[in-house]
1. Just the residues that are open to solvent by 40 Å² or more (accessible area, probe 1.4 Å) and touching a strand residue (DSSP E or B) at 6+ places or on another chain (Cβ under 7 Å), please, taken from the stretch 332-387.
2. Looking at the stretch 360-373 only, could you name the residues that are over 23 Å from residue 5 (Cα atoms) and aliphatic (A, V, I, L, M)?
3. Could you please tell me which pairs satisfy a Cβ distance under 6 Å, a separation of 6+ or placement on different chains, a first residue in the stretch 101-123 that is touching a residue at least 60 places away in the same chain (Cβ under 8 Å) and of a type in the set (D, E, K, R), and a second residue that is in a loop (DSSP other than H, G, I, E, B) and open to solvent by 10 Å² or more (accessible area, probe 1.4 Å)?
4. Identify, please: which residue in the stretch 75-101 is in contact with a helix residue (DSSP H, G or I) (Cβ under 6 Å, 6 or more places away or on another chain) and of a type in the set (Phe, Trp, Tyr) and is, among those, farthest from residue 243 (Cα to Cα)?
5. Report, by residue number, each residue of the stretch 36-63 that is open to solvent by 40 Å² or more (accessible area, probe 1.4 Å), among the aromatic types (Phe, Trp, Tyr) and out of contact with any helix residue (DSSP H, G or I) (no Cβ under 8 Å at 6 or more places or on another chain).
6. Specify the residue that is nearest to residue 268 (Cα to Cα); the eligible residues are those in the stretch 215-252 that are at pLDDT below 95 and aromatic (Phe, Trp, Tyr).
7. Checking the structure you have, find out if any residue of the stretch 106-129 is within 20 Å of residue 309 (Cα to Cα) and open to solvent by 50 Å² or more (accessible area, probe 1.4 Å).
Amino acid sequence: MKKIQIFNKEELENMGLTWHTNADKSNYLSDNLVQITPKEANDFYEAANTLYDMYCECAQYILDNDLLDELQIPVSLQEVVKLSWQNDVHWHLYSRFDFAGGVNNIPIKLLEFNANTPTSLFETLIIQHELLKKNNINPDLQFNTGYEAICNNFKRLVTLDESVEEFDKLYDGWKILFTSVKDSEEELTTRLLMQIAIDAGFKCEFSYIENVQFSEEGVFLDDENYEFCFMLIPWESIAIEEDELAYLLTKMIKNQKAIILNPAYTLIFQSKGILKYLWQLFPNHPLLLKADTKMLEGIKCVKKPFFGREGANVTIFNEKGEIIAENDGEYENNAFIYQEFADTLEYEGQSYQAGVFFAYEACALGFRKGGKIINNYSSFAAHMIKD
């Protein structure tokens, strides 16, 4: 670890980050800089790439065996999940793997995959890069090519290929509408992604979700039709809270009137129920932890809701099945997965959890710092690669 000077609140707000103070008045940005070796950076890169391929293989297995119910995928979205998986035009734009370990000889272990609406993108791509510059450290000493990777992945919406060289030739003026809930933390991420899309060469517009019109004929804003729509709104929330919208999105995609980002099939990845099937398909894989929908007897383990977020309703049990830490939350009615506990990097009584963003390939690393259970009030810690 290395102590660094962080930005003050005014500087962060000028940069666009208004979420800078935790509930206990502590700083959201940590003044500890995580130092990793070039090998550790490469190991994170390889781990995320390997796991993405494993997730895709597992998703195909789940679809082939009609297991969407087992993952608690809402019935109203199962058709659109299948439709989006079957057609390559529904490109997976970006996502984030959460890992335990990876530093100081602690093995990398998959905790979960935030494939649908991952946050902390602005902090990872922008803030931590600027933190190195602020502390007179070469900003290139990071595993952080996320901006470029996502920019290229936007271009693949058109090329549908690893190469993006043909983008300018194939692009036909298609527009992307970016939308989020008003006055939400997600707006910053949405606007960052819009800027990346603009840099990629797309025509873009932003609007709050309440102003967007959805129909079987497509996505509209002020009567203008958009070929692509990015919504930083969880698909499972759409199914629960907006059943009519779920129906319209299904019809829209079935009619090939618009493409929604991230695609509906990311729900398969997002459901922590998939961890059970990953363990079944790849038993004892070094990147995986044992997982099941029933209690793991005699093993220290973590109970997590299938679609929970930010550490809500997470419980840690010791080997005797006794609770040693727990968080409450709004997901108590979810199905739950039990996952073997994994050691994380510990420093000054705090745990550090690695998040690796993925956009066609692993592309950026950041850390969350907090207690035994990482939650919405955990801090963000930047990193550097020791040269």
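1. Scanning the stretch 332-387 gives 334, 340, 341, 343, 347, 350, 372, 386.
2. Residues of the stretch 360-373 over 23 Å from residue 5 (Cα atoms): 360-363, 372-373.
Matches in the stretch 360-373: 362, 373.
3. 109/289; 109/342; 112/272
4. 97
5. Of everything in the stretch 36-63, just one residue is open to solvent by 40 Å² or more (accessible area, probe 1.4 Å), among the aromatic types (Phe, Trp, Tyr) and out of contact with any helix residue (DSSP H, G or I) (no Cβ under 8 Å at 6 or more places or on another chain), namely 45.
6. 235
7. The first filter runs over the stretch 106-129 and keeps only residues within 20 Å of residue 309 (Cα to Cα), leaving 109-124.
Next cut, open to solvent by 50 Å² or more (accessible area, probe 1.4 Å) only: none.
Scanning the stretch 106-129 turns up no residue that is within 20 Å of residue 309 (Cα to Cα) and open to solvent by 50 Å² or more (accessible area, probe 1.4 Å).
Here's the yes/no breakdown for (1) within 19 Å of the chain's Cα centre (by Cα); (2) more than 16 Å from residue 264 (Cβ to Cβ):
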| position | (1), (2) |
| --- | --- |
| 62 | no, no |
| 73 | yes, no |
| 110 | yes, yes |
| 120 | yes, yes |
| 153 | yes, yes |
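The values are calculated or read from the model by the stated rules, or taken from the named source; none is laboratory data. On a predicted model such as this, the values are computed, not experimentally measured, just so you know. Because the Cβ atoms are built from the backbone with ideal geometry, glycine has one as well, and the counts that use them run over all protein chains shown. Heavy atoms of the whole protein, side chains included, go into the accessibility calculation; ligands, DNA and RNA do not. Shrake-Rupley method; radii C 1.70, N 1.55, O 1.52, S 1.80 Å.
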